[in-house]
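Structure first, commentary second.
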């Protein structure tokens, strides 16, 4: 690997590490204040979780409060809380009492399944359609694709989910409306997320392909004598994919946000679902654990995208 | 800056978008004037009625007038969206141009902060704020305004940096013009179309975000009318009264589609 | 080799852009079309190659190697690219795939277009690279190549298909003298090798270097055609003569008077480096009012940097720049830019930009009108927007704006590089006249040495 490329790689990793640290700290601070909002409530609930609601009273809660050091000064507790946050010491759920890490780990796998199948499906939808549209710009196909994209972009992803459920689950009775189990439960949530992602990325693919097709180097390849198909294979794909892969980084935002909403709609037992429930139950440790986990994965995915772009486009190594 | 000239410079799709967007806007403000009553008045006897002379858009599962509920929900969505976008535009533009003018000082700090905040997807922001103050509207507002400001800042900054290197800027500086002149004559005219497009985009995104949050019951609580909240409330009744759940869906669709069409294509 | 009969270019509605023209090109001959922007020369080449822009069609007969090309389908005509017709790229660096190694871009021509086996193609490519001293660059990416290297790679790539008829559209655009001569030699070598070379250019000097026959075009018409020595030395048509006179080499040198003023700025032992490259060191000179000093050198050698230093935009690494009593009035030092389209705000009329300036410094409108008259500009031009005015007029308007402030020093950074020859002559004449008349000191940067030799009292070579 070239020296300059290696240097850029180190820069990427360093920067993303700083971002990861920021995530842990930022989430930590906000959750700390959320926990303060619970106040004595928190000690009460921890005590309840520990000893059982029936067996405890206010004095037990006080004991727990003192034990957890909840009576010390704000700054000290904040620092301690942040320290815990960075070392992934999130404590136990206020609802179930089980360690946060364990619960998060459990649900993380499901979310990753959903997220990765959605990305893959969206790529399989967006790339062929986008490339085809660019081959004949302003044709009926191109215009139809644009209409469909804009329409899908104009509704929240859960509406797409609702409509799919109404069609496939209720009317056609082909697929289950919600839940988790065999492969068939994965289809509708994945399709919902993938359609939302593809609606945006298909236009990115189209624009990128058009840029490549109209570029000086593509035209030069044609005039050198290479036929269109071979020019596209040799000079088209690699160059059009660079902005598309970079765009994936932005799409991760949609994926993370989408996972939260879609898991709730389809009762998919993932980390987003846990997060939403935890917010309701004011289960701050779970909220913190889930948010930090999602944030860190987001940063990690972005780092991977940065590296992928670096490998695809040799120019990126030179000036970043 | 002639409005008529501007309007005629829009493409057909964009004009259509403006029309589409105006419809729900007008409805939002005129609807309560045309019909009396409150969106919270329940009447279980009249639940899930089809559109009639008494209730122009029918009633929901609790007998509440849909015409009024819809306009109330749109008020919430549009209100948050427009105010956040306004704040974001003002703040983002100011800081973006500032960054471009002082690349060695202000930019370093602002850009770093913005990039750090990019580490957290917007929804997570809002959810975290909502954990601190559940059931209240301000976390929604704060989160949405923050994300929108950062996005506007980045776009304006990027474009301003390009403008800052143009010969026209150097020529004007040599001729002795001050920073205010540069802003007036060079930056703002060049930035205006981009800012407008991003503002429309921000309004659209915000409206969708608010609906999503309403859907998971964050930030807005019943009996407040909100599009996403209405959708999830009405879902169980879609079979017996499809026109009810379709209303918030269609209203949202027209609103956001109009905005998306207004944005148009990059030249 | 090439036989063209009554070839014309029209819009789809029937507007004639290039009038019917007929000519022949035989093997071993160079045919050069010379003309300004808008003469239709590029369209003519595109009609022959078959890559006219959308909306334009060609009519007439084209015979290549005896084959009636004009009656073939688009697909069949495009199949001629590379094998029968070689088109040299105008912008070599941009013509190379930025994510592919240099060697592969040539090799694929040999393999796919010419049909050689993979190993044969590789062998041929390597020997090509060696012949142009690029053996060390085979595995480099285009952004790692210098402009000259990229040009050589693109040249090899376009020739790999084996065509013997080459079309070169403005091959020397924007290049400095050395590179321009290299390319002209390259093309001449092709002709000497019994190939056909069809070149489009606005540069008369290139036409000289290529030899063969020359065709002068203007506004879609062929004005004159014939052997290059006859056309370029003893033209029959007035327009051709005007074109030839527009070449800075032909300009009459004005008698220079002694300059009795005292210097307004003295530069002593100034050096500057950018990165690890030393641009110049120990440079000393002085400028007097009314004196024009030229700076020439290859691109990247620091010409613009020197001027920016005098303008106070950059500081030197060592040495001093001393102005005599002009310090406080910053706006007395001005700059003329290479691209006049980018100098006025594009969103308001030119008049508005002028008014801004006149308002700020309380300059009367009469002064502006006087300047416009001196620069031979129609006063009504300023009512337009910058994109509605031609490049030459725009540059003169920029001169007017600068002169409104009665500057003591003007730095002209390649003021006419983007302009046609005829326009260039007009602008330079106007500029020099006004500068000498108002006793303004001027520094001119250009890669066109004959121009500087003619115009400047003193020359700095970097």
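Scanning the stretch A:147-178 for residues that are in a helix (DSSP H, G or I) and within 14 Å of residue A:190 (Cβ to Cβ), which turns out farthest from the chain's Cα centre (by Cα)? By that ranking, first place goes to A:168.
Restricting attention to the stretch C:424-447, does a residue exist that is farther than 13 Å from residue C:292 by Cα, out of contact with any strand residue (DSSP E or B) (no Cβ under 8 Å at 6 or more places or on another chain) and not in a helix (DSSP H, G or I)? No, the stretch C:424-447 contains no residue that is farther than 13 Å from residue C:292 by Cα, out of contact with any strand residue (DSSP E or B) (no Cβ under 8 Å at 6 or more places or on another chain) and not in a helix (DSSP H, G or I).
Here residue A:185 passes the criteria (1) assigned to a helix (DSSP H, G or I); (2) more than 13 Å from chain B (Cβ to nearest Cβ); (3) more than 30 Å from residue A:229 (Cα to Cα); (4) free of Cβ contacts under 8 Å to residues at least 24 places away in the same chain except the one numbered (4). Just one of the listed residues (A:167, A:94) is within 14 Å of chain B (Cβ to nearest Cβ) and loosely packed, with under 14 Cβ neighbours inside 10 Å, and it is A:167.
Could you check the stretch B:242-264 and list, in sequence order, the residues that are under 20 Å from residue B:49 (Cα atoms) and touching a helix residue (DSSP H, G or I) at 6+ places or on another chain (Cβ under 8 Å)? Step through it out loud before you land on a result.
Step one: filter the stretch B:242-264 for residues under 20 Å from residue B:49 (Cα atoms), giving B:242-251.
Across the stretch B:242-264, the qualifying residues are B:244, B:245, B:247, B:248, B:249, B:251.
Evaluate the following for residue A:252: is it away from chain B (no Cβ under 14 Å) and in contact with a helix residue (DSSP H, G or I) (Cβ under 6 Å, 6 or more places away or on another chain)? When the stated conditions are applied, residue A:252 does not pass them. Residue C:395 fulfils the conditions (1) more than 13 Å from chain B (Cβ to nearest Cβ); (2) free of Cβ contacts under 8 Å to residues at least 60 places away in the same chain; (3) crowded, with 22+ Cβ neighbours inside 10 Å except for a single criterion, (1). Being part of a loop (DSSP other than H, G, I, E, B), more than 11 Å from chain B (Cβ to nearest Cβ), under 28 Å from the mean Cα position of the chain (by Cα) and within 22 Å of residue B:171 (Cβ to Cβ): is that true of residue C:377 here? It is true that residue C:377 is part of a loop (DSSP other than H, G, I, E, B), more than 11 Å from chain B (Cβ to nearest Cβ), under 28 Å from the mean Cα position of the chain (by Cα) and within 22 Å of residue B:171 (Cβ to Cβ). Meeting the requirement of 1 or more residues that are more than 14 Å from chain A (Cβ to nearest Cβ) and at pLDDT 90 or above, the helices (runs of 4 or more DSSP H) wholly within the stretch B:92-179 are B:106-117, B:138-164, B:167-174.
Of all the criteria given as (1) within 11 Å of chain B (Cβ to nearest Cβ); (2) outside any helix (DSSP H, G or I); (3) surrounded by fewer than 16 Cβ atoms within 10 Å (Cβ to Cβ), the one not satisfied by residue C:360 is (2).
On inspection, residue A:304 fails the criterion of being surrounded by fewer than 22 Cβ atoms within 10 Å (Cβ to Cβ), within 13 Å of chain C (Cβ to nearest Cβ), in a helix (DSSP H, G or I) and over 12 Å from the mean Cα position of the chain (by Cα).
Across the stretch A:223-242, the qualifying residues are those that are more than 7 Å from every other protein chain (Cβ to nearest Cβ) and surrounded by 18 or more Cβ atoms within 10 Å (Cβ to Cβ), and the one among them that is farthest from the chain's Cα centre (by Cα) is A:231.
Can you name every residue in the stretch C:183-193 that is farther than 13 Å from residue C:147 by Cα and either outside any helix (DSSP H, G or I) or touching a residue at least 24 places away in the same chain (Cβ under 8 Å) (or both)? Outline the logic, then answer.
If we filter the stretch C:183-193 for residues that are farther than 13 Å from residue C:147 by Cα, which is where we start, we get C:184-193.
Those that are farther than 13 Å from residue C:147 by Cα and either outside any helix (DSSP H, G or I) or touching a residue at least 24 places away in the same chain (Cβ under 8 Å) (or both): C:184, C:185, C:186, C:187, C:188, C:190, C:191, C:192, C:193.
Checked against (1) part of a loop (DSSP other than H, G, I, E, B); (2) buried (at least 19 other Cβ atoms within 10 Å of the Cβ), residue C:200 passes all but condition (1).
Within the stretch C:214-230, the set of residues being under 23 Å from the mean Cα position of the chain (by Cα) and closer than 13 Å to residue C:30 by Cβ comprises C:214, C:215, C:228.
Across the stretch C:65-102, the qualifying residues are those that are farther than 14 Å from residue A:221 by Cα and in contact with a helix residue (DSSP H, G or I) (Cβ under 8 Å, 6 or more places away or on another chain), and the one among them that is nearest to the other protein chains (Cβ to nearest Cβ) is C:77.
If I filter the stretch B:76-83 for residues that are surrounded by 19 or more Cβ atoms within 10 Å (Cβ to Cβ), modelled with pLDDT of 85 or more and more than 20 Å from the chain's Cα centre (by Cα), do I get at least one hit? Before you say what the answer is, go through the steps one by one.
We begin by selecting, within the stretch B:76-83, every residue surrounded by 19 or more Cβ atoms within 10 Å (Cβ to Cβ); these are B:76-78, B:80-81.
Adding the requirement that they be modelled with pLDDT of 85 or more leaves B:76-78, B:80-81.
Keeping just the survivors that are more than 20 Å from the chain's Cα centre (by Cα) gives none.
No - not one qualifying residue is present in the stretch B:76-83.
Only one entry in C:284, C:320 is more than 14 Å from chain B (Cβ to nearest Cβ), more than 24 Å from residue B:171 (Cβ to Cβ), part of a strand (DSSP E or B) and modelled with pLDDT under 85, namely C:320.
Would you pick out the residues in the stretch C:129-156 that are within 14 Å of chain A (Cβ to nearest Cβ), assigned to a helix (DSSP H, G or I) and in contact (Cβ under 8 Å) with a residue 12 or more places away in the chain? It would help to see each step written out before you state the result.
Of the residues in the stretch C:129-156, the ones within 14 Å of chain A (Cβ to nearest Cβ) are C:139-145, C:150-151, C:153-156.
Keeping just the survivors that are assigned to a helix (DSSP H, G or I) gives C:142-144, C:150-151, C:153-156.
Residues satisfying the conditions are C:142, C:143, C:150, C:151, C:153, C:154, C:155, C:156.
One line per residue, one yes/no per condition, for (1) assigned to a helix (DSSP H, G or I); (2) in contact with a strand residue (DSSP E or B) (Cβ under 9 Å, 6 or more places away or on another chain):
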position	(1), (2)
C:42	yes, yes
C:45	yes, yes
C:53	no, no
C:76	yes, no
C:87	no, yes
C:90	no, yes
C:94	yes, no
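Could you please let me know if residue A:226 is assigned to a loop (DSSP other than H, G, I, E, B) and over 28 Å from residue A:31 (Cα atoms)? Against the criterion (assigned to a loop (DSSP other than H, G, I, E, B) and over 28 Å from residue A:31 (Cα atoms)), residue A:226 qualifies. For the stretch C:291-303, the tally of residues that are surrounded by 19 or more Cβ atoms within 10 Å (Cβ to Cβ) and not in a strand (DSSP E or B) stands at 4. Scan the stretch A:100-113 and give yes if some residue there is in contact with a strand residue (DSSP E or B) (Cβ under 7 Å, 6 or more places away or on another chain) and either exposed (fewer than 13 other Cβ atoms within 10 Å of the Cβ) or assigned to a helix (DSSP H, G or I) (or both), otherwise no. Looking through the stretch A:100-113, at least one residue is in contact with a strand residue (DSSP E or B) (Cβ under 7 Å, 6 or more places away or on another chain) and either exposed (fewer than 13 other Cβ atoms within 10 Å of the Cβ) or assigned to a helix (DSSP H, G or I) (or both). Candidates are the residues of the stretch A:273-287 that are in a helix (DSSP H, G or I) and at the interface with chain B (Cβ under 9 Å from one of its Cβ atoms); the one that is nearest to residue A:116 (Cα to Cα) is A:275. For the stretch C:157-165, does any single residue satisfy the condition of being more than 12 Å from chain A (Cβ to nearest Cβ), in contact with a strand residue (DSSP E or B) (Cβ under 6 Å, 6 or more places away or on another chain) and surrounded by fewer than 20 Cβ atoms within 10 Å (Cβ to Cβ)? No, the conditions are met nowhere in the stretch C:157-165. When the stretch B:221-264 is filtered for residues that are without any contact (Cβ under 8 Å) to a residue 24 or more places away in the chain, surrounded by fewer than 21 Cβ atoms within 10 Å (Cβ to Cβ) and within 11 Å of chain A (Cβ to nearest Cβ), the ones remaining, listed by number, are B:232, B:235, B:238, B:239, B:242, B:246, B:249, B:250, B:253.
The values are calculated or read from the model by the stated rules, or taken from the named source; none is laboratory data. Quantities reported herein were computed from a predicted structural model and do not represent experimental measurements. Cβ sites come from the backbone with ideal geometry, for glycine too, and all protein chains shown count toward neighbours.
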